[in-house]
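In what follows, a single structure is set out as structure tokens and then discussed.
The values are calculated or read from the model by the stated rules, or taken from the named source; none is laboratory data. Fair warning: this is a prediction, and the values are worked out from it, not measured in the lab. In this analysis, Cβ positions are derived from the backbone assuming ideal geometry, glycine residues included, and neighbour counts consider all displayed protein chains. In case anyone asks, the SASA skips ligands and DNA or RNA and just uses the protein heavy atoms, side chains included. Shrake-Rupley method; radii C 1.70, N 1.55, O 1.52, S 1.80 Å.
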Amino acid sequence: MQKILEIDGLKTYFFTDSGVVRAVDDVGLDVQEGSVVGVVGESGCGKTVMARSILNIIEKGGRIVSGRIVYHKGAETVDIASLKPTGAAIKRIRGREIAMIFQEPMTSFSPVYTIGNQIMEMLMVHRRLGATEARRMATEMLTRVGMSKPEQRIDEYPHQLSGGMRQRAMIAMALSCDPRLLIADEPTTALDVTIQSQIIELLKRLQQELSTSIIMITHDLGVIAEIADEVVVMYLGKVVEQAPVRKLFRDPLHPYTSALLRSIPRLGRKVEGRLPSIKGTIPDVRDLPPGCYFHPRCESFIPGVCDAALPELRAADDDHRARCVLVNGVNADD
Amino acid sequence: MLGFLVRRILQMIPVLIAISALTFAIIQLPPGDYLTTYMAELQMTGEAIHEAEIEALRQRYGLDRPILVQYTMWITRAVRGDLGVSFEYNLPVSVLIWERIGLTVVISVLTLLFTWVVSFAVGVYSATRQYSIGDYLATFAGFLGLATPNFMIALILMYAANRFFGQSIGGLFSPAYVDEPWSFAKFVDMMGHMWVPVVVIGTSGTAALIRVLRANLLDELNKPYVVTAKAKGISEFRLLFKYPVRVAIIPFLATVGWTLPLIISGETITSVVLGLPTAGPLLLRSLQTQDMFLAGSFILILSVLTLIGTLISDLLLAWADPRIRYE
Ligand SMILES: Nc1ncnc2c1ncn2[C@@H]1O[C@H](COP(=O)(O)OP(=O)(O)OP(=O)(O)O)[C@@H](O)[C@H]1O
Ligand SMILES: [Mg+2]
């Protein structure tokens, strides 16, 4: 298999009046051609900022401070992190090579244009299609994502569609130019449960049909279990664990991952009392605890070790790494 | 959209009836009726009163009939274009007002365009370069424009034009054209004078609209659909104007509805200062002299025009915002 995206040492910071927010702080991950990488973590851990860094569409006040985002296209490679955010080079990648779908299907379409208009724009800009041809392809995409009555729906406005239909339209738009990588930023969080699984099924099917790679961002490990090949667990802007999906579920190395796993509701398992949730609250990114960021909430906290220095990402074996002193024994690497 | 249009037009009918009733009530307000006033006029000028003529007028206006009949007769005549006679000028009202109303509408439309063009340019600039020097300058100038009364701006402009360019900028026409019939040359002359009232009257509205556009656009710029559009890889220009700007300028369309009434009611003083042959000053004068047919006709026509303006602005809003259209 071939890598299509390599992120290495990515740091994206926001410079605010109340201090520097290290939203993404030294993140690395690889995406293989045709595979699905899941990114999990609690709210605020930097998933969205990481995703937006890949397209270089970071909000005002933030920028990529260092690191590389290398996109491979055949023999060609581009470092997206080094491109000018408003330049022509990155615009050829956005939408065309790497597309993105978002959490809020309600507000992610402009309310004043039909969904057809917004999907066709993509085809007209990147494929240089005429209106008739673009419309034909947009209808085809809508059919493909399971939209009922696509010929009629194409002329409807976003507010006329249900949340699930809007998310389908969003997927149709993102996949219309046949991108090689799709970044899905919590595509199901805003939907109700039955619709959620339909959308995940749809993404899975399309991913196989089109052999698109996906970065699936979620805070729901259930979604990860269903669709991902590789998993990256993030905590406060850092990668804390990285493994193929089976290994991660069977044999989590980081106490944070274990805690996340314990908090998924399982079908068939009787819930006694409340689901266990991770104790404590997420610290403020502007005021991080010394040592391992997770130690105040960690059940395996070792005083004098965990609060002394931030552990490196350590390899347990060739495809499983975790940022915890417990990996390979407390003092394995020194 | 058609349903919306029909509904909206049907809604106008009761409003129109209410406006005409109110206007009629205003005409009836001064003590005595039209004939007593007319006879008093004649007496004052020492002209003879012909009983036959008085009787004919009494018949014509139905003055000895019930008030409802009088109203019906009046509104029927008004719809046909007979708006009665002005005592003050001794001329049919229709002769007096159409040109003034026409000029008022022209000034309104030009003011609206001026307001739109300037506030669009400045508003978009301010929002996309928030907290830049240009933004601060625009904000400062905007507040100045909002806070200065228009007649002040008029006086300052007139003084400056006179002092520095030796030019008189009052009125809408050069003295040579004032009483001329309409011609192309007169039109050109009018346009040369037009910028003064347009700037004076448009300033505060422009300043207000800049604030509205800037605030709206700043709001829209952070909406998720803008991020979606960015992720599509379209050009910066298209990204800005097709997406956030398109939504942020919707309030512009609402200004169509209130520009005309604003110019009539708010800018009468400005018109007096600038000596504009528009509706405001004549309306003011007709009220002062209790020239009720003249005043009533003005009120009626301007109200109807305002209503039409509101209708146009509602239709434009529905056209621009599908969320309204499909309610
Ligand atoms: N424009 C911004 N200015 C300042 N800080 C920001 C900005 N955007 C994000 N952040 C901060 O960066 C951190 C990461 O935010 P991000 O949106 O990536 O979280 P997330 O993992 O996507 O969370 P969620 O699950 O809620 O979507 C947060 O602490 C957030 O407060
Ligand atoms: Mg997010």
Would you work out which of B:Thr104, A:Leu288, B:Leu317 lies farthest towards the positive end of the dipole of the protein assembly as shown, given +1 charges on the beta-carbon of Lys and Arg and -1 on that of Asp and Glu, about the Cα centre?
-> A:Leu288
Is any residue of region B:50-84 close enough, with backbone N under 17 Å, to a label point placed 7 angstrom from the Cα of B:Gln290 along the Cα-Cβ axis, and if so, which?
-> none
With all pairs of different alpha carbon atoms counted, what Kirkwood hydrodynamic radius in Å does chain A show?
-> 21.0
Given unit charges at Cβ for Lys, Arg (+) and Asp, Glu (-), the dipole magnitude of chain A about its Cα centre in debye, nearest 20, is 700
How much area per residue is accessible in the protein assembly as shown when the probe is 1.4 Å and only protein heavy atoms are counted (Å²)?
-> 48
Mean residue ellipticity (222 nm) of chain B, computed from DSSP H runs ≥ 4 via -39,500 (n - 2.57), nearest 500 | -24500 deg cm²/dmol
Largest first and in whole Å, give the semi-axes of region A:1-80's equivalent ellipsoid, each being the square root of 5 times a Cα gyration tensor eigenvalue.
-> 25, 14, 9
Mind checking which of B:Phe298, B:Leu260, B:Leu274 is farthest towards the positive end of region B:93-320's charge dipole, using Cβ charges of +1 (Lys, Arg) and -1 (Asp, Glu) about the Cα centre?
-> B:Leu260
Nearest-0.05 FRET efficiency for B:Arg8 and A:Ser82 at R0 = 51 Å, using Cβ-Cβ distance, is 0.40
Calculate one ³J(HN,Hα) per residue across region A:295-307 by plugging θ = phi - 60° into the Karplus curve 6.51 cos²θ - 1.76 cosθ + 1.60, and present them in order as whole Hz with x for glycine and proline.
-> 4, x, 10, 8, 7, 9, 4, 10, x, x, 10, 5, 9
What ratio of Cα Rg to 2.2 N^0.38 Å holds for region B:79-193?
-> 1.48
So how strong a dipole does the protein assembly as shown carry about its Cα centre when Lys and Arg Cβ are +1 and Asp and Glu Cβ are -1, to the nearest 20 debye?
-> 1240
For A:Met234, distant residues with modelled amide H under 5 Å away | A:Val40, A:Gly41, A:Val240
Shape call, chain B: gyration tensor on alpha carbons, a/c limit 1.5 | oblate
Counting alpha carbon pairs within less than 8 Å and at least 6 residues apart, what relative contact order, in whole percent, applies to region B:93-320?
-> 30
Rounded to whole Hz, the Karplus (6.51, -1.76, 1.60) HN-Hα couplings of region B:91-101, x for glycine and proline = 9, x, 4, 4, 5, 7, 9, 4, 5, 5, 5
Taking Cα pairs under 8 Å and at least six residues apart, what relative contact order does chain A come out at, in percent?
-> 19
About its Cα centre, what dipole magnitude does chain B give when the only charges are +1 on Lys and Arg Cβ and -1 on Asp and Glu Cβ, stated in debye to the nearest 20?
-> 1780
Given chymotrypsin sites (Phe, Trp or Tyr not before Pro), DSSP loops and at most 12 other Cβ atoms within 10 Å, the longest exposed-site-free stretch of chain B is B:183-327
Count charges around A:Phe102 for me, please; just the other residues with Cβ under 9 Å from its Cβ, Lys/Arg as +1, Asp/Glu as -1.
-> -3
Whole-percent carbon and sulfur share, accessible surface of region B:93-320, 1.4 Å = 72
Nearest 100 Å² is fine: how much accessible area is buried between A and B, summed over both sides, with a 1.4 Å probe?
-> 2300
Charge-dipole axis of region B:95-193 as Lys and Arg at +1 and Asp and Glu at -1 on Cβ define it, positive-most pick from B:Val122, B:Ala161, B:Pro149 = B:Val122
Would you be so kind as to list the residues of region B:204-233 that have their accessible area lowered by at least 30 Å² in the full protein complex compared with their chain by itself (1.4 Å probe)?
-> B:Pro224, B:Tyr225, B:Val227, B:Thr228, B:Lys230, B:Ala231, B:Lys232, B:Gly233
Debye equation applied to the C-alpha atoms of the protein assembly as shown, log10 I(q)/I(0) at 0.10 Å⁻¹ = -0.98
Once the convex hull of the C-alpha atoms of region B:239-327 is built, how many Å³ does it hold per residue, rounded to a whole number?
-> 111
Based on the Kirkwood radius over alpha-carbon pairs, what value in µm²/s does the Stokes-Einstein equation return for the translational diffusion coefficient of region B:1-63 at 37 °C and 0.692 mPa s?
-> 220
